[in-house]
Structures are given as C-alpha cells and as structure tokens.
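Take a look at the structure set out below.
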Amino acid sequence: MPDAAGGAPASLAAIETFARALLRRYGVVFRRLIEREAMNVSWYELGRVFRRLEARGEIRGGYFVGGVSGEQFALPEAIGSLRSLRKTTGKGELITISGADPLNLVGILTPGPRVTAIAPVRILLRDGAPLAALEANQVLMLNGESSEPAHVIERALRVGDMPVALRQYYA
C-alpha cells in the first residue's frame with residue numbers, strides 16, 4: 001500500500017534505509033554479515049533493495065570477500081579500499097575494540113566461535129585479525145598461540161591506550 005504521498009510503502013522505505021546504513025557501516029554486505037543485526041529484515045528483502053541499487057549504478061554486486069559464499073554488494077569506494085589493503089603488509093599493530101562494536105566480526109568473517117556482542121567484552125586485533133578476547137574476566141586466545149607475551153595481551157585487553165587518569169574507573 002503506498003504512503004500518503006503516493007510513493008513506496010513505508011516498510012520498503014525503511015528497508016532501503018537499513019540497507020544503505022549497512023553499506024555505510026561495512027562497505028561490503030552479505031548474508032552472514034547481517035546475522036548479528038537486530039532489525040528483523042530478511043536477506044531476501046535486502047537483496048531486492050541491493051539489486052535495485054546495483055541496477056541504478058549506485059553499488060556493485062560481485063565477489064569481494066574471500067571465504068564467503070553467496071551474493072555480496074559493495075560501495076564503489078569500499079572496493080578500492082579492499083584492493084589497496086591487498087597490497088599492504090601488516091605492521092603488527094594491536095587495537096582493542098568493544099564486543100558491541102560493529103567491527104566485532106569474530107566468528108562471522110573468521111573461523112572459530114563468535115565473541116559476544118556486548119559492551120563489557122573486549123577484543124584484541126592485530127592488523128585487523130582477532131588475536132584474543134576478554135570475556136567474563138577471562139582472556140581467551142582466538143587465533144591459537146601468539147608471538148606476543150601473555151602480559152602484553154592481557155594489558156592491551158584490560159587497559160589498552162586508556163589515559164592513566166581514567167584507568168581507576170575501569171575495573
């Protein structure tokens with residue numbers, strides 16, 4: 001049923017808005033990626049929107065992320081970023097993120113169990129790959145053994161780059 005202005009139904013507009021938000025958030029969208037999203041929209045409904053956007057030339061469809069089967073849709077700028085990443089070598093940089101961060105794709109893009117998507121959980125990444133997680137005050141190694149000493153991993157998960165003045169508030 002069209003809306004009052006004679007346009008598309010409100011639910012279709014909401015699905016397109018959600019699809020565009022996913023594209024802005026991730027750059028590349030595929031079925032397994034939306035499993036962690038809370039909005040109750042099927043991949044079938046999203047796929048229709050993505051194919052329409054692809055037909056308009058706004059996004060591209062194809063195979064962008066290795067190890068993932070099925071349809072994938074990407075923003076043109078994301079494709080360029082992925083190509084440039086392929087040519088770079090890792091610097092060994094450690095970054096800690098919250099489990100609730102949209103970048104928590106552990107168990108979705110990587111082999112192994114998923115890490116709970118809640119704020120108290122922390123995930124340690126080395127060059128974007130999951131290394132360890134802090135769940136229920138326990139350090140869990142996600143990628144087997146690490147070349148990093150255990151105390152470096154634990155400190156990065158518990159404190160990270162937090163300013164000294166704020167550390168007393170983080171328990």
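The values are calculated or read from the model by the stated rules, or taken from the named source; none is laboratory data. This is a predicted model, so every value here is computed, not measured. Ideal geometry is used to build each Cβ from the backbone, glycine not excepted, and the neighbour counts take in all protein chains shown.
Yes/no per residue for (1) within 18 Å of Ala129 (Cβ to Cβ); (2) of a type in the set (Asp, Glu); (3) in contact with a helix residue (DSSP H, G or I) (Cβ under 8 Å, 6 or more places away or on another chain); (4) buried (at least 16 other Cβ atoms within 10 Å of the Cβ):
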position: Gly27; (1), (2), (3), (4): yes, no, yes, yes
position: Gly47; (1), (2), (3), (4): no, no, no, yes
position: Tyr63; (1), (2), (3), (4): no, no, no, no
position: Gly66; (1), (2), (3), (4): yes, no, no, no
- [ ] Taking the options Gly7, Gly66, name whichever one is out of contact with any Lys or Arg (no Cβ under 9 Å at 6 or more places or on another chain), modelled with pLDDT under 90 and either within 14 Å of Leu109 (Cβ to Cβ) or among the aliphatic types (A, V, I, L, M) (or both).
- [x] Gly66
- [ ] Go through the stretch 34-79 and give me each residue that's among the basic types (Lys, Arg) and outside any helix (DSSP H, G or I).
- [x] Arg60
Open item on the list: With the structure loaded, tell me whether Ala55 is out of contact with any helix residue (DSSP H, G or I) (no Cβ under 9 Å at 6 or more places or on another chain) and modelled with pLDDT of 90 or more or whether it fails that test.
Closed with: yes
TODO: Could you grab the pairs with beta carbons closer than 8 Å, sequence gap of 6+ or different chains, first residue in the stretch 86-108 and more than 14 Å from Ile118 (Cα to Cα), second one surrounded by 15 or more Cβ atoms within 10 Å (Cβ to Cβ) and acidic (Asp, Glu)?
DONE: Leu94/Glu148
Open item on the list: Taking the criterion of being outside any strand (DSSP E or B) and modelled with pLDDT of 90 or more, would at least one residue in the stretch 89-99 satisfy it?
Closed with: yes
- [ ] Considering only the stretch 118-132, state which residues are of a type in the set (A, V, I, L, M) and surrounded by fewer than 16 Cβ atoms within 10 Å (Cβ to Cβ).
- [x] Ile118, Ala119, Ala129
TODO: Give the residue that is modelled with the lowest pLDDT, with candidates limited to residues of the stretch 117-160 that are within 18 Å of Leu103 (Cβ to Cβ) and of a type in the set (Gly, Ala, Ser).
DONE: Gly160
